[in-house]
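Single-structure report; data block below.
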Amino acid sequence: MTPFERTLRDVVAHDGPISVERFMGLCLAHYYATRDPLGARGDFTTAPEISQMFGELLGLWAVEVWNAMDRPSPVRLVELGPGRGTLMADALRAARVVPAFGDALAVHLVETSPTLRERQERALQPTRAQVSWHDTLEDVPSGPAIIIANEFLDALPIRQFVATERGWCERLVGLRDGRLVFGVGTEPVGGLPPVQHLGDILESPRAATDLVAALARRLAGAGGAALLIDYGYWGPAFGDTLQALRLHARADPLDSPGETDLTAHVDFHRIVLTAGAEVRVHGPVRQGEFLDALGIRARATSLKTRATAEQASDIDRAVDRLTARGATGMGELFKVLGLGHPSLEVLPGLPPRPFEGS
Ligand code: SAH
């Protein structure tokens, strides 16, 4: 047993069963603080780690948004949960086509993990951009901002409720016979839709909605736009989306706490409702459609003119993977949502009509 698991068990033994939200929060803080989880030798891979085209297209997206904002200077280019810093490095390189944007921008990374902050610093050194790190979005200095988050919302803790005869009760993590087990609280929680089937699970992404509310207030007040990319659905829906990944394979979320990547699917409908009327909502659309609209195929063709045959087939494979349709394809599973100041009528790649479907 790891020292972290021992501490977690002590917490549960002392406080009694803890909420899924607190369990996720404790485990994820330990998980991200103690490793670089990305890449082939880590636990999971993300779009910017699959291909440089992803970050490049987002860099050009940011330039277009900045133009539409009437080119404020300074503009804050903010990334939430930047992982290895790959997306931002690729974005800044692509954005060099408009030097005035580079002159206007200050890069702000919201990252809690000291291990990943170090990785990000190394990745961004060659760009010579002015970079600062913050623990939360609230710590980023005020002013017009372009905010990007890829696979960030899914890494925030969620609450879960279980439908019981008493109503919706908080799903808990407790100890039984020396093992961590799921349990259910005794007090019903109000303000939720009526129970339909006993045993249903309802999720509430409180950390994500708090963040999106703050983000929307910021955009409405100071101007700018945000791009939120994540795997998710258009709720409401019942079901348990809490999942654990280790070495690219599914794991039991209660096994090896703090050593697996815990995530939950994002309910984009909840996110849109939280953003409220102060900001204009763009999309969400499927990632495949978004990347196609931004010209991923043209970018691939241009990269291939300078590539070896092997590199060219890597580029084709990356385009296929990032845009793949079907239930497990990244192009379909991942959705892209834009939020912006109402003065921005259009955001590149995003139709104003919301995506509907699963
Ligand atoms: N966006 C990156 C990495 C996604 S993994 C990519 O696409 O490759 C999630 C990232 O969010 C990691 O950098 C992790 O350290 C960071 N993170 C997780 N929880 C966080 C929190 N509460 N506050 C700030 N950063 C967090």
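The values are calculated or read from the model by the stated rules, or taken from the named source; none is laboratory data. It should be emphasised that the depicted structure is a prediction, and the values quoted were computed from it without experimental measurement. We place every Cβ from the backbone using ideal geometry, glycine too, and count neighbours over all the protein chains shown. We work out accessible area using only protein heavy atoms, side chains counted, and drop any ligands, DNA or RNA first. Shrake-Rupley method; radii C 1.70, N 1.55, O 1.52, S 1.80 Å.
If you go through the stretch 298-344 and keep only what is under 30 Å from residue 223 (Cβ atoms) and of a type in the set (S, T, N, Q), you end up with just 343. Pairs are defined by a Cβ separation below 6 Å, a sequence spacing of at least 6 or placement on different chains, a first member in the stretch 80-109 that is under 18 Å from residue 70 (Cα atoms), and a second member that is among the polar types (S, T, N, Q) and open to solvent by less than 20 Å² (accessible area, probe 1.4 Å); no pair meets this definition. Among the residues of the stretch 35-90, those that are β-branched (Val, Ile, Thr) and near the ligand (Cβ under 9 Å from one of its atoms) comprise 45, 46, 86. Checking every residue in the stretch 133-140 against the condition of being open to solvent by 10 Å² or more (accessible area, probe 1.4 Å) and part of a strand (DSSP E or B) gives at least one match. Examine the stretch 142-153 for a residue that is surrounded by fewer than 21 Cβ atoms within 10 Å (Cβ to Cβ) and of a type in the set (A, V, I, L, M), and state whether such a residue exists. Checked against the condition, which is being surrounded by fewer than 21 Cβ atoms within 10 Å (Cβ to Cβ) and of a type in the set (A, V, I, L, M), the stretch 142-153 yields no hits at all. In this structure, is residue 148 farther than 30 Å from residue 1 by Cβ and touching an Asp or Glu at 6+ places or on another chain (Cβ under 7 Å)? Yes, satisfied. The condition of being more than 24 Å from residue 280 (Cα to Cα), more than 14 Å from the ligand (Cβ to nearest atom) and within 18 Å of the chain's Cα centre (by Cα) holds for only one of 159, 128, that being 159.
Name the residue, out of 338, 295, 331, that is among the small types (Gly, Ala, Ser) and in contact with a helix residue (DSSP H, G or I) (Cβ under 6 Å, 6 or more places away or on another chain). Exactly one of 338, 295, 331 is among the small types (Gly, Ala, Ser) and in contact with a helix residue (DSSP H, G or I) (Cβ under 6 Å, 6 or more places away or on another chain), namely 331.
The residue pairs whose first member lies in the stretch 1-28 and is open to solvent by less than 20 Å² (accessible area, probe 1.4 Å), whose second member is in a helix (DSSP H, G or I) and modelled with pLDDT of 95 or more, and whose beta carbons are closer than 7 Å, counting only pairs six or more residues apart or on different chains, are 8/26; 18/11; 18/12; 28/155.
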